[in-house]
1. Pull out a ≥ b ≥ c, the square roots of the eigenvalues of the alpha-carbon gyration tensor of the chain, then state rounded if a/c is under 1.5, prolate if not and a/b is larger than b/c, and oblate in the remaining case.
2. Provide the gained length on full extension for the span Glu221 to Thr41, in nm with one decimal, where the gain is 0.36 nm per separating residue minus the Cα-Cα distance.
3. Using +1 on the beta carbon of Lys and Arg, -1 on that of Asp and Glu, and nothing else charged, what's the dipole of the chain about the Cα centre, debye to 20?
4. Helix by helix through the chain, keep the DSSP H runs that span 18 Å or more along the axis on Cα and average at least -1.0 on Kyte-Doolittle, and give those back in order.
5. For region 178-223, just say rounded, prolate or oblate: build the C-alpha gyration tensor, square-root its eigenvalues into a ≥ b ≥ c, call rounded for a/c under 1.5, and beyond that prolate if a/b exceeds b/c, oblate if not.
6. Label Lys34 and Ala269 with points 7 Å out from Cα along Cα→Cβ: what is the distance between them in nm?
7. Write down, largest first, the equivalent ellipsoid semi-axes of region 150-315 in whole Å, where each equals the square root of 5 times an eigenvalue of the alpha-carbon gyration tensor.
8. Working out 0.36 nm times the residue gap between Arg318 and Asp195, then minus their Cα-Cα distance, what length gain in nm do you get to one decimal?
Amino acid sequence: MNLHNSALGRKLLAYSLTFFIFFLTFAPASLKDKPTTTTLTLRDGTKVLCEMPKEPFAVSKEVIVGWIESNACAIRTYYGKFPVPQLALVLRSVEGSSSISYGNTFPGKTLKEPPRITIFVGTNASEEEFRRTWLLAHEMTHLTFPSLEREYHWLEEGIATYVEPIARAMTGLISVESVWYDLQKNIPRGIPDNDSGLDGAHDFGRIYWGGALFCLLADLEIRRVTANKHSFQDALRAIMHREGTINTDRDIAEVLRAGDSAVGTTVLATLYEKMGKAAYKPDMGKLWLSLGVERSGDSVVFRDNAPLASVRRNICSRVASPCSGIIPKR
């Protein structure tokens, strides 16, 4: 594969530059210590080649392993399986920081090379910070979707932004209320303020939250058209199984067609024409009312008599075997 002429190649080049700048700016301490690599085998047999600095973090290795396993469990639950048999996970230390604040995901340089996730972890990050952070699940979601041309980056990031909290809520890692609070609070950042569609977007809000809005609207429309027999989750599972993961180059038309075919609709292609090619400004106030989502301080309350309340409940329905107990409590 010619990396310079592929979506994978362009993604590697762009992410490498971002990674290099961040690494030199925020993590000079990690240059001093030669890291250690440990092979972890997750419960489903997935191999994680985990690279960590020799200097310990503020939490135990047991907590870190539990954090990896619980986030992998969330993604596995949403997609039916973990997307790749082997993953390279690099944890870079940020001296004196208490946060887990940045991450990125690179495809393998070849189809056989495992993709690599890098997460920057503060040396003082607490066990609660590991429980709270959304970063690892977000980056793991990127593994599930093929690599697209750069102008469609909004779809890759939108899926990760939409799926990550739902997957974690489904498996008990966060509350359902927090999912809808964040969507209601942040989706306005993705509404266009001009006549441009999502294709080629450069603004953070449009890429991440405009992409998440596409996913939410697709989810609701697929459920409406199929009388709640199918969902966006079904479409994403089919795309992963039929079109491949992050190590595979695909055209946006191919992946949308695969998703539509799986749920027996043309929802994804139709919505793409509305939002990818042109500005689309839905009435979000009306949508939240129909879903029964009402802001209440730093949370939301649910109105179960709303027209789409049952759809809202189905989107984040809990599974029988939650992942919340994987990270050990001291």
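1. Numbers: a/c = 1.63, a/b = 1.32, b/c = 1.24.
Taking the square roots of the gyration eigenvalues as a ≥ b ≥ c, the chain is prolate.
2. Numbers: separation 180, 0.36 × 180 = 64.80 nm, distance 3.84 nm.
Computed gain between Glu221 and Thr41 is 61.0 nm.
3. On the way: 39 positive and 36 negative charges, 129 e Å.
Taking the Cα centre of the chain as origin, the dipole is about 620 debye.
4. On the way: long enough: 7-26 (28 Å, 1.44); 61-79 (27 Å, 0.19); 153-170 (26 Å, 0.07); 211-225 (21 Å, 1.09).
Correct list, ordered by number: 7-26, 61-79, 153-170, 211-225.
5. On the way: a/c = 2.33, a/b = 1.35, b/c = 1.72.
Oblate, because a/c is 1.5 or more while a/b does not exceed b/c.
6. Roughly 5.6 nm, to one decimal.
7. On the way: eigenvalues 116, 71, 47 Å².
Computed over region 150-315, the values are 24, 19, 15 Å.
8. Numbers: separation 123, 0.36 × 123 = 44.28 nm, distance 3.88 nm.
Answer, rounded to one decimal: 40.4 nm.
Taken together, the values in this text are just the output of simple stated rules run on the coordinates, not laboratory data. The shown structure was predicted, so the numbers you read here are calculated from the model rather than taken from an experiment. All Cβ positions, glycine included, derive from the backbone under ideal geometry; neighbour counts span all protein chains shown.
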